[in-house]
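Undergrad: Please see the structure below; I have some questions.
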Amino acid sequence: MTALERLEVAAVTLQRGARALLGGLSFDAVAGEAVAITGANGAGKTSLLRAIAGFTRPVSGQIRFLGADGELDADATRREECHLVGHADGLAVGRTVREELVFAVRWTGGDATAAIDGARRLGLERLLDLPVRHLSAGQRRRVVLVRLIAAPRRLWLLDEPLTPLDADSRAHFGEIMSAHLAGGGVIVAAVHDPLPISARTVAISG
Amino acid sequence: MTPHSTLFRRELSLAWARGGGPLLTVGFFASVCLMVPLSIGAAPGRLSAVAGGITWVGLALASLLSLDRLFERDFESGALDLVNLGPLPLETICAVKCAAQWLASCAPLALAAPVAAIGLGAKVETAGLIALTAAIGGVAFAFVGGAGAALALVSRRGGVLIALIVLPLLTPPVIFGGAAIANFAAGLPWTTGLILLTAYALAAVALTPFAMAGACRNALS
């Protein structure tokens, strides 16, 4: 499979309950580009990210993944090239940080060594043997971010990635995002606060 | 390390801790089996006639215990999102979860079942068959129970709903397993019960992952 070069969202309308969201939203994101999705609470930012991740099917419009030689298989791309960082962080509170990290990184295509290196880079090495339930919100978010650097995938879907992070961690995460873009990655982030990197803004209304 | 074993190890460690773990499940099973002689009296002939049947009812009830957390925890924590963006299809993920549930909950029950049955007055010769049928029946319990747990994801009172969905579907293995043990103890042909039980378990393994995956997709969307 060739690498993802372009994400294309074409005239997408989503539905939540009886309510239509997005109203035919179109944008695209090419390799090396970050797109910041902005909009009021309930406008459909999270739903859009989940639709790109393949959890929700649009009622109309298309979400396509394109490589150098044309359209890529959407399911395979999602399984192999897509990281989603959502509100719910997916960590099992009873397991240790190390167990959860190593699982998540292996599951998304990295290995245990990369997981521990990543934890070190994000300043989590002292927390590795604690149960997840002892971590603060910001620490838990950093655990999730390790996945992004330890298991390389081209497309990052980030839902309010900065919210629980302190100033230092935000700056650090900015550097991580810049490095990802420099390596040809694509970032689509739902945000209220501006991202610490330059990003094209796509505003959606409720 | 294959993705299957990576996932299985995580699921097993979660299943081992879920709902108090195997000790609680086995303890519950033992309590159910202990209540019967208290309620119907300990006359040896009366108890030994129903020992196999009681054991099976106890197994079915005890296997329900930790089901409500099987998918719910991962759904609420967002872990279901994460595994959905991994190398295996959701059908396989669901099957792996049920296999871990079997090992953490139904396999310990299969070891406890002969002890309980013999304590109730079953013949010692039946011990092997009781453990075997409990292990096979446990496969059906884990997979059918998993389907119920996945279907209950979108509802508010999931736990109660699971019991209502799942218990009727656990009736056939209870009938087949109980019959195999009763016939074996009475010196009658008993293999039919075992064969039907195995067939039911295999059908559950083959079919329920599709139901579970469908229910999970529905809950995630």
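The values are calculated or read from the model by the stated rules, or taken from the named source; none is laboratory data. As the structure is a computational prediction, the values presented were derived from the model and not from experiment. Quick reminder, even Gly has a Cβ in these numbers, built from the backbone with ideal geometry, and neighbours come from all protein chains shown.
Undergrad: In the set A:Ala36, A:Ala31, which member is more than 9 Å from chain B (Cβ to nearest Cβ), surrounded by fewer than 23 Cβ atoms within 10 Å (Cβ to Cβ) and more than 30 Å from A:Arg19 (Cβ to Cβ)?
TA: Only one candidate qualifies: A:Ala31.
Undergrad: Which members of the stretch B:13-43 meet the condition of being more than 21 Å from B:Gly159 (Cα to Cα) and in a helix (DSSP H, G or I)?
TA: Result: B:Ser13, B:Ala30, B:Cys33, B:Leu34, B:Met35, B:Val36, B:Pro37, B:Leu38, B:Ser39, B:Ile40.
Undergrad: Also, quick follow-up: Across the stretch B:112-137, what is the total count of residues that are of a type in the set (A, V, I, L, M) and within 21 Å of B:Thr192 (Cβ to Cβ)?
TA: Number of matching residues: 11.
Undergrad: Any residue in the stretch A:185-205 that's among the acidic types (Asp, Glu): show its pairings with residues that are surrounded by 13 or more Cβ atoms within 10 Å (Cβ to Cβ) at Cβ separation under 9 Å, as long as the two are six or more apart or on different chains.
TA: Every condition considered, the pairs that remain are A:Asp193/A:Glu160; A:Asp193/A:Leu162; A:Asp193/A:Thr163; A:Asp193/A:Arg170.
Undergrad: Mind counting the residues in the stretch A:43-74 that are closer than 19 Å to A:Gly109 by Cα and facing chain B (nearest Cβ under 9 Å)?
TA: 2
Undergrad: Please go through the stretch A:108-127 and pick out each residue that is under 18 Å from the mean Cα position of the chain (by Cα) and within 14 Å of chain B (Cβ to nearest Cβ).
TA: A:Thr108, A:Gly109, A:Gly110, A:Ala115, listed by residue number.
The rows are residues; the columns are (1) closer than 14 Å to B:Ser63 by Cβ; (2) within 14 Å of chain A (Cβ to nearest Cβ); (3) more than 19 Å from the chain's Cα centre (by Cα); (4) not polar (S, T, N, Q).
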| site | (1), (2), (3), (4) |
| --- | --- |
| B:Gly78 | no, yes, yes, yes |
| B:Ile93 | no, yes, no, yes |
| B:Lys97 | no, yes, no, yes |
| B:Trp102 | yes, no, no, yes |
| B:Ser105 | yes, no, no, no |
| B:Ala112 | yes, no, no, yes |
| B:Ile118 | no, no, yes, yes |
| B:Gly121 | no, no, yes, yes |
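Undergrad: Among what's in the stretch B:38-58 and is crowded, with 19+ Cβ neighbours inside 10 Å and of a type outside the set (Val, Ile, Thr), pick the residue that is farthest from the chain's Cα centre (by Cα).
TA: B:Ala51
Undergrad: Here's a follow-up. Kindly indicate the residue of the stretch B:59-76 that is assigned to a helix (DSSP H, G or I) and of a type outside the set (D, E, K, R) and also surrounded by the fewest Cβ atoms within 10 Å (Cβ to Cβ) among those meeting that condition.
TA: Filtering first and then ranking leaves B:Leu61.
Undergrad: Condition test on A:Thr13, is it within 11 Å of chain B (Cβ to nearest Cβ) and either surrounded by 15 or more Cβ atoms within 10 Å (Cβ to Cβ) or in a helix (DSSP H, G or I) (or both)?
TA: Criteria not met by A:Thr13.
Undergrad: What are the residues in the stretch A:84-98 that are facing another protein chain (nearest Cβ under 7 Å) and within 19 Å of B:Asn84 (Cα to Cα), if any?
TA: Residues satisfying the conditions are A:Leu84, A:Gly86, A:Ala88, A:Asp89, A:Gly90, A:Leu91, A:Ala92.
Undergrad: Now for a separate question. Within the stretch A:140-164, count every residue that is closer than 18 Å to A:Leu49 by Cβ and aliphatic (A, V, I, L, M).
TA: 7
Undergrad: Would you check if A:Ile149 is more than 14 Å from chain B (Cβ to nearest Cβ), part of a helix (DSSP H, G or I) and touching a Gly at 6+ places or on another chain (Cβ under 7 Å)?
TA: So A:Ile149 passes the test.
Undergrad: Here is a list of conditions, (1) modelled with pLDDT of 90 or more; (2) out of contact with any helix residue (DSSP H, G or I) (no Cβ under 9 Å at 6 or more places or on another chain), and B:Arg157 meets all of them except one; can you say which number that is?
TA: Result: B:Arg157 fails condition (1) only.
Undergrad: Can you confirm whether the stretch B:206-220 contains a residue that is modelled with pLDDT under 90, among the charged types (D, E, K, R) and within 25 Å of B:Arg18 (Cβ to Cβ)?
TA: Checked the stretch B:206-220: no residue is modelled with pLDDT under 90, among the charged types (D, E, K, R) and within 25 Å of B:Arg18 (Cβ to Cβ).
Undergrad: Specify which of the listed residues (A:Ala114, A:Ala151) is in contact (Cβ under 8 Å) with a residue 60 or more places away in the chain, surrounded by fewer than 22 Cβ atoms within 10 Å (Cβ to Cβ) and under 30 Å from B:Trp16 (Cα atoms).
TA: Result: A:Ala151 is the single residue among A:Ala114, A:Ala151 that is in contact (Cβ under 8 Å) with a residue 60 or more places away in the chain, surrounded by fewer than 22 Cβ atoms within 10 Å (Cβ to Cβ) and under 30 Å from B:Trp16 (Cα atoms).
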